[in-house]
Every structure is written in C-alpha cells, then in structure tokens.
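To keep things clear, I will list the structure first and then write my remarks on it.
The values are calculated or read from the model by the stated rules, or taken from the named source; none is laboratory data. The model shown is predicted, which means the values in this text are computed figures rather than measured ones. Every residue, glycine among them, receives a Cβ derived from its backbone with ideal geometry; neighbour counts consider all protein chains shown.
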Amino acid sequence: MIVRLLLCFLCSLFYAVTSDAQRSTDEALERSDYRKVESVSVLILSTMLADRGIGEWGFAALVEVDGRKLLFDTGARPQTVLQNSVELGVDLSDVEDVVLSHNHTDHTGGLITLRSHFAEQNPRALSRTHVGKGIFLSRPGDGREWNPMPRIREEYESAGGEFVVHDGPYEWAPGVWLTGPVPRIHPERNWSGVGQLRTANGLQADTIPESMSLVIETSEGLVVVSGCGHAGIINILEYARSQFRRSNIHAVLGGFHLFTADDETLKWTAQKFKEFGLKHFLGSHCTGIEAVYQIRDAVGLARENCVVGAVGSSFTLGEGIDPVRLAR
C-alpha cells in the first residue's frame with residue numbers, strides 16, 4: 001500500500017511538473033519574450049498602378065524598421081525604381097541591404113542600375129543582396145536561359161556587390177526576419193507551371209523554390225512583406241507563425257500572385273486571413289484588383305485598410321495604409 005501511494009505521488013508530481021513546463025512553453029510563445037520593433041514603414045516603389053511615377057509589371061518596396069532600411073525587390077525595368085524614388089523624394093543612397101524575393105525579371109531588373117547609381121554617392125549603397133537558396137539555378141527553355149540571375153550576379157559582384165544566400169530563416173535585425181525558402185504545406189500553386197529548373201537530378205518543374213518573404217514582429221502582430229508569394233501566402237503566414245512568433249497577422253503587404261485565382265481559392269485564402277486576425281492588406285503587383293476586392297468583402301475589411309497598392313502607397317505601423325489618390 002505504501003509503495004502504491006508513493007508511486008501515485010510521484011506520478012502526480014511528474015504530471016504537475018510536465019504540465020507546468022508545457023504551460024510555460026505555451027505562455028512563452030504567446031507572451032512577448034520576442035523582440036518587438038517599435039516603428040515600421042513600407043513604401044511601394046514599383047507596381048502597376050500609378051498616379052505619380054512610373055507604373056510597370058514589377059515590384060519593389062522600401063522597408064524601414066527602427067531606423068534601419070532595406071530595399072525589397074528592385075522592379076522590372078532598369079530605371080523604374082530609380083526614377084520613382086526621385087519623383088517621390090526618397091533617398092536610397094543610405095540603404096545597404098537588398099532582398100530579392102525570387103529570380104523573376106520583374107523583381108530583379110533594377111538591381112544593377114540602382115547599385116551603380118547610388119554607389120557613386122555611397123560605396124556601401126545597395127552592396128549586400130539577400131537571396132534564397134536556388135535563385136541561381138538554371139531555368140532553360142526554347143534554347144535560351146530564362147533565369148537572369150547568373151548574369152546579374154556577375155555584373156553585381158563586378159560592381160562590388162555581395163550576395164548572401166539563405167536556406168532557412170535569417171534575422172536581419174532584431175525582430176526582422178527573412179523566411180528563406182518556405183515549405184509548401186498547402187497546395188497553393190502560385191506560379192505559372194510552365195518553367196523548368198535544372199537540378200542535380202535533372203530537369204524538374206520550376207516551382208520557384210527560392211521564393212522568400214520578410215516578417216516583422218510588432219506589438220500589433222506580424223507584418224509580412226512579399227514580392228509574389230510564390231510559396232503561397234497562407235503557407236508563408238503559417239510558416240511565419242510557426243518559426244518566429246505565434247501571433248495574429250497584423251498586416252500583409254506586397255504581391256501575392258492571386259490575379260488568376262478562382263473564387264473558391266480566394267474564399268479559402270480570405271477565411272485563413274480571418275483566422276489569423278488580419279487587419280491590413282495592401283495588394284500590389286500580381287495580387288490582382290478583383291482579388292483585393294473579394295478579399296476585402298470576405299474578410300470584412302474596409303476601404304481604409306484593404307486597398308490595391310500603387311506607386312507611392314505605404315503602410316506605417318500605428319497609422320495604417322496610405323493608398324495615395326488613385327487607389328483611395
């Protein structure tokens with residue numbers, strides 16, 4: 001009897017300790033033991049819609065977090081981001097870091113021009129570019145190479161630039177993360193489906209495996225910036241919540257390749273947004289105008305916090321979205 005009572009006591013103690021440990025782990029995930037940034041601003045410098053500057057099928061955004069800046073993607077045409085930055089009164093000469101979300105020309109086209117121009121003012125300007133693993137792999141087809149990145153790499157490094165390749169999450173600054181390549185848990189086929197990728201195992205379908213996004217931890221929740229979201233926006237958001245902070249999604253900004261999505265896909269995406277507590281949505285580039293409006297209605301957002309992105313539109317933590325005149 002004494003032995004049985006002792007065993008019962010020890011089991012109770014074990015489960016109590018285990019329960020407390022699990023509760024502490026869960027609370028740590030929900031609590032803010034994480035570094036939360038205090039200020040965030042995201043300014044669109046390349047997208048299709050424009051009432052100031054030049055519109056194009058491309059994407060670029062200037063991101064500033066707690067006084068540190070990075071350029072997320074560089075637009076399509078060599079001069080677009082440079083000219084738009086001048087027209088909008090934005091100085092990129094003090095920006096050292098660039099993120100290229102993936103290899104496509106509508107996100108990489110301005111890198112060499114921007115590096116060459118601003119290096120004359122500051123040798124460190126746009127000198128370090130972060131990319132996901134696989135971005136330099138060959139994309140052959142129709143007797144030509146479709147991936148511009150090998151050529152860009154040669155020119156950029158010749159101009160004193162450095163590429164940093166990430167195969168997993170990377171903390172660029174306290175509370176500011178690059179996802180690296182994102183696991184494809186949900187079957188979000190947010191790519192054309194016609195390209196090929198040369199790998200060590202031969203030619204494979206090009207799913208743009210290097211596609212990565214930016215995640216910022218704030219007191220309001222996570223702020224996520226994407227170029228095209230080829231990994232799938234819901235895959236990206238779930239990965240962000242699992243890797244960086246189990247939190248609501250405060251703002252989703254950029255391109256998400258939903259312009260060809262059918263109504264059911266948009267409904268499913270919007271339902272996930274609702275589950276994540278989304279408060280702000282700025283759909284630029286390949287998101288699609290109709291997609292933005294359907295998401296607005298399905299999530300229950302308003303004209304002020306769910307808009308089509310335009311050149312010069314912006315998001316500021318604590319203030320929300322400024323859509324500029326045309327998108328308002």
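Do you know which residues across region 86-114 are closer than 19 Å to VAL165 by Cα, outside any loop (DSSP other than H, G, I, E, B) and not charged (D, E, K, R)? Listed by number, the residues that qualify are VAL98, VAL99, THR105, HIS107, THR108, LEU111, ILE112.
Here the condition is being under 13 Å from the mean Cα position of the chain (by Cα), touching a residue at least 40 places away in the same chain (Cβ under 8 Å) and closer than 21 Å to HIS104 by Cβ; of ILE208, ILE233, it holds for ILE233 alone. Pairing residues of region 71-84 that are on the phi < 0 side of the Ramachandran plot with residues that are of a type in the set (D, E, K, R), at Cβ distances under 7 Å and at least 6 apart in sequence or on separate chains, gives ALA76/GLU56; ALA76/ASP106; ARG77/GLU56; THR80/GLU56. Each residue in region 277-295 was checked for being in contact (Cβ under 8 Å) with a residue 40 or more places away in the chain and of a type outside the set (Ser, Thr, Tyr), and 6 of them qualify. In region 88-110, the count of residues that are surrounded by fewer than 18 Cβ atoms within 10 Å (Cβ to Cβ), within 18 Å of ARG68 (Cβ to Cβ), among the polar types (S, T, N, Q) and in contact with a Ser or Thr (Cβ under 7 Å, 6 or more places away or on another chain) is zero. If you go through region 209-261 and keep only what is surrounded by fewer than 21 Cβ atoms within 10 Å (Cβ to Cβ), touching a strand residue (DSSP E or B) at 6+ places or on another chain (Cβ under 8 Å) and in a helix (DSSP H, G or I), you end up with ARG241, GLN243. Looking at TRP172, TRP146, just one residue is touching a Pro at 6+ places or on another chain (Cβ under 8 Å) and of a type in the set (Phe, Trp, Tyr), and that residue is TRP146. Has region 153-160 got at least one residue that is surrounded by 14 or more Cβ atoms within 10 Å (Cβ to Cβ), more than 22 Å from the chain's Cα centre (by Cα), in contact (Cβ under 8 Å) with a residue 40 or more places away in the chain and under 22 Å from PRO209 (Cβ atoms)? Yes, region 153-160 contains a residue that is surrounded by 14 or more Cβ atoms within 10 Å (Cβ to Cβ), more than 22 Å from the chain's Cα centre (by Cα), in contact (Cβ under 8 Å) with a residue 40 or more places away in the chain and under 22 Å from PRO209 (Cβ atoms). With the condition kept exactly as written, say whether any residue in region 300-315 is touching a His at 6+ places or on another chain (Cβ under 7 Å), crowded, with 24+ Cβ neighbours inside 10 Å and part of a helix (DSSP H, G or I). No, region 300-315 contains no residue that is touching a His at 6+ places or on another chain (Cβ under 7 Å), crowded, with 24+ Cβ neighbours inside 10 Å and part of a helix (DSSP H, G or I). Looking for something assigned to a loop (DSSP other than H, G, I, E, B) and of a type in the set (Ser, Thr, Tyr) - is there at least one such residue anywhere in region 126-134? Looking through region 126-134, at least one residue is assigned to a loop (DSSP other than H, G, I, E, B) and of a type in the set (Ser, Thr, Tyr). Looking at region 289-297, can you tell me whether even one residue there is charged (D, E, K, R), modelled with pLDDT of 95 or more and buried (at least 19 other Cβ atoms within 10 Å of the Cβ)? Within region 289-297, one or more residues are charged (D, E, K, R), modelled with pLDDT of 95 or more and buried (at least 19 other Cβ atoms within 10 Å of the Cβ).
The numbered conditions (1) farther than 19 Å from MET48 by Cα; (2) in contact (Cβ under 8 Å) with a residue 60 or more places away in the chain are all true for LYS274 except (2).
Scanning region 174-198 for residues being outside any loop (DSSP other than H, G, I, E, B) and either surrounded by fewer than 13 Cβ atoms within 10 Å (Cβ to Cβ) or in contact with an Asp or Glu (Cβ under 7 Å, 6 or more places away or on another chain) (or both) gives a total of 3. Could you check, for region 164-173, whether at least one of its residues is among the acidic types (Asp, Glu) and either in contact with a strand residue (DSSP E or B) (Cβ under 8 Å, 6 or more places away or on another chain) or outside any strand (DSSP E or B) (or both)? Looking through region 164-173, at least one residue is among the acidic types (Asp, Glu) and either in contact with a strand residue (DSSP E or B) (Cβ under 8 Å, 6 or more places away or on another chain) or outside any strand (DSSP E or B) (or both).
Number of residues in region 135-159 that are part of a loop (DSSP other than H, G, I, E, B) and in contact with a helix residue (DSSP H, G or I) (Cβ under 7 Å, 6 or more places away or on another chain) equals 4.
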